[in-house]
1. Which whole-angstrom value gives the distance between the alpha carbon centres of region 177-238 and region 21-48?
2. In which sequence would His303, His98 go, from the one with the fewest C-beta neighbours within 10 Å to the one with the most?
3. Taking K and R as +1 and D and E as -1, what net charge do the other residues with C-beta under 14 Å from the C-beta of Leu121 add up to?
4. What list do you get for Thr150, Thr16, Thr47 if you sort them by fewest beta carbons within 10 Å?
5. Sort 204-214, 359-369 by packing, meaning the average of other beta carbons within 10 Å per residue, with the highest value first.
6. Through the Karplus equation 6.51 cos²θ - 1.76 cosθ + 1.60, θ set to phi - 60°, convert the phi angles of region 103-114 into ³J(HN,Hα) values in whole Hz; use x for Gly and Pro.
7. Where a ≥ b ≥ c are the square roots of the eigenvalues of the C-alpha gyration tensor, would you call region 164-238 rounded, which needs a/c under 1.5, or, failing that, prolate if a/b is larger than b/c, or oblate?
Amino acid sequence: MAVVADNGLTDGMSRTVVQNLKTLYMDLLRPIELESSFGHFNDAVLTVSELEARPQVLLIGQYSTGKTSLIKWVTGINSAFFDIRPQPSTDKFMAVVHGDEEKVINGDAATCLPKLPYSGLSRFGSSFLSKFQVLVEDADILKQITFMDTPGVLSGDKQRISRGYDFMKVCRWLASRSDLILLLFDAHKLDISDEFKEVIESIKGDGDKCRCVLNKADEIDGENLVKVYGALMWNLGKILQTPEVARMYVGSFWDEDYKCKDLERLLNQDRKDLVQELKDLPRNVCVRRVNEVVARARAVKVHLALCCALRARLPSLGWCGRRQRRQRWLTEHLPEVYAEVMKEYEFAAGDMPALEHFKERLRGFKDFRSFQRSCRSQQETLNKLIHHEIPRLMALVGGVSASDLGHKANGTCAISSHDFAPEGGEEISFWIRDWLLSTVRESGLNGKGRGEPGRGWCCWLLVILLLVVFAAVLAVFASPEVRVAVEQKLGRTSLSWLRGLHVPNLPWLQEVTDEL
């Protein structure tokens with residue numbers, strides 16, 4: 001059974017949203033990721049081909065669960081490159097994409113094609129690329145969807161050692177860039193191997209895209225199928241550790257007749273539901289792309305705050321290995337940094353990266369001085385992207401009606417936010433206050449740096465020096481010569497904004513402004 005594609009699914013509006021999203025990511029988010037070394041701690045930066053790629057369906061399962069058979073059934077392709085046997089047969093990652101004629105592209109060449117979103121797979125080395133292929137087929141459904149077949153997962157450590165690459169990391173990279181993940185299970189083999197369990201646990205972050213498929217269900221009668229279904233749900237619940245397990249499709253996904261027809265109606269309905277979800281992928285691709293970019297922008301905000309906090313806690317002078325010792329101390333006391341960043345920036349615990357993973361990547365980072373001292377401008381850029389640019393983009397495809405409370409009532413007087421805006425002098429006073437508070441906060445005098453080595457007299461000396469300079473400036477402005485110069489050159493209009501400062505130590509200022 002071949003799924004007929006709907007050519008109207010990716011309409012002009014979806015293309016417009018994806019193109020605008022690509023511009024926002026490349027201009028605003030991607031430079032911040034590169035500058036803050038975000039790729040060292042998380043996924044690498046996205047490419048243009050990944051943002052513009054067709055929706056991808058990733059199939060993961062143990063050997064002989066019917067992954068390749070399902071692709072053959074959905075696409076209607078009867079190719080000699082599909083090796084379908086009862087024993088383990090597939091040892092390669094195979095992407096099935098659309099093209100004018102059938103051909104196979106090997107991994108090294110596939111990563112160099114700009115039309116394919118697989119350039120990032122080159123990071124896993126030549127040992128993996130020798131096990132990666134792209135199968136080009138002319139099928140209608142492939143104009144809208146791309147399929148990724150994976151090797152069957154076996155049990156035992158010998159399988160992992162003999163691969164020559166990290167199978168779990170490859171699956172996690174593919175899962176983060178897929179729009180739907182199908183976990184296939186054989187109705188006759190419910191045992192989950194250790195490697196398959198690790199793969200499922202590694203893609204927990206993409207759990208909303210996971211669906212379970214219980215294949216070959218027609219070979220079991222109705223009574224035993226219910227028991228098999230319950231046992232599989234129980235095993236998955238222990239692995240995922242969630243109160244609600246992903247959607248389960250029960251059926252036999254090939255063109256053969258059912259052997260047991262006890263639950264034929266149920267099996268047919270689940271087959272239809274799976275086909276319908278595949279058809280809906282292109283229609284919702286722009287919304288998923290926006291969701292991924294927003295989630296990535298929030299992760300970058302947290303990453304920036306952590307990096308700036310670590311950089312601010314380094315000593316000014318790194319004599320005799322002092323800076324290296326501080327870096328090791330900060331790495332071991334990372335929970336304290338987490339707590340302070342969460343309190344200062346009001347981040348939720350779920351927004352923070354996994355502690356052990358971040359600590360492991362931090363140990364491999366050579367010098368914390370490459371982190372930025374201040375991330376205020378980058379945070380403002382990310383807030384603009386999340387709160388202004390993305391909502392403006394989502395308004396094109398949101399499809400949500402507005403509340404009547406947002407409409408202006410006739411005959412009423414609207415109050416503008418400018419009515420409550422501070423005057424010029426008050427705004428400058430607020431700016432000076434914020435600057436002083438930020439200076440004290442960054443210098444460690446607010447008590448947040450207690451207990452850490454290297455914070456103390458140097459910070460006090462810096463703040464005292466700033467106060468001395470500020471006092472000197474006040475003394476200069478209080479001299480008669482400066483007062484006469486200000487009276488002659490500034491005039492009444494130029495001095496009006498100084499009244500808002502309300503500085504008690506400058507009584508001559510009020511006299512000058514009154515005389516003018």
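What follows is calculated from the coordinates using simple rules that are stated; it is not laboratory data. The shown structure was predicted, so the numbers you read here are calculated from the model rather than taken from an experiment. All Cβ positions, even for glycine, are placed from backbone atoms using ideal geometry, and neighbour counts span all protein chains on display.
1. Each part reduced to its Cα centre gives a spacing of 34 Å.
2. On the way: His303 23, His98 18.
The fewest-first ordering by Cβ neighbours comes to His98, His303.
3. Details: positive: Lys92, Arg123, Lys131, Lys169, Arg172, Arg177; negative: Asp43, Glu50, Asp108, Asp166.
In short, +2.
4. Numbers: Thr150 21, Thr16 14, Thr47 17.
In order of increasing Cβ crowding within 10 Å: Thr16, Thr47, Thr150.
5. Working: 204-214: 17.6, 359-369: 12.9.
The packing order, highest mean first, is 204-214, 359-369.
6. Values per residue, Gly and Pro as x: 6, 10, 10, 6, x, 4, 6, 5, 6, 9, 7, x Hz.
7. Working: a/c = 2.30, a/b = 1.99, b/c = 1.16.
Judged from the Cα gyration tensor, region 164-238 comes out prolate (a/c at least 1.5, a/b above b/c).
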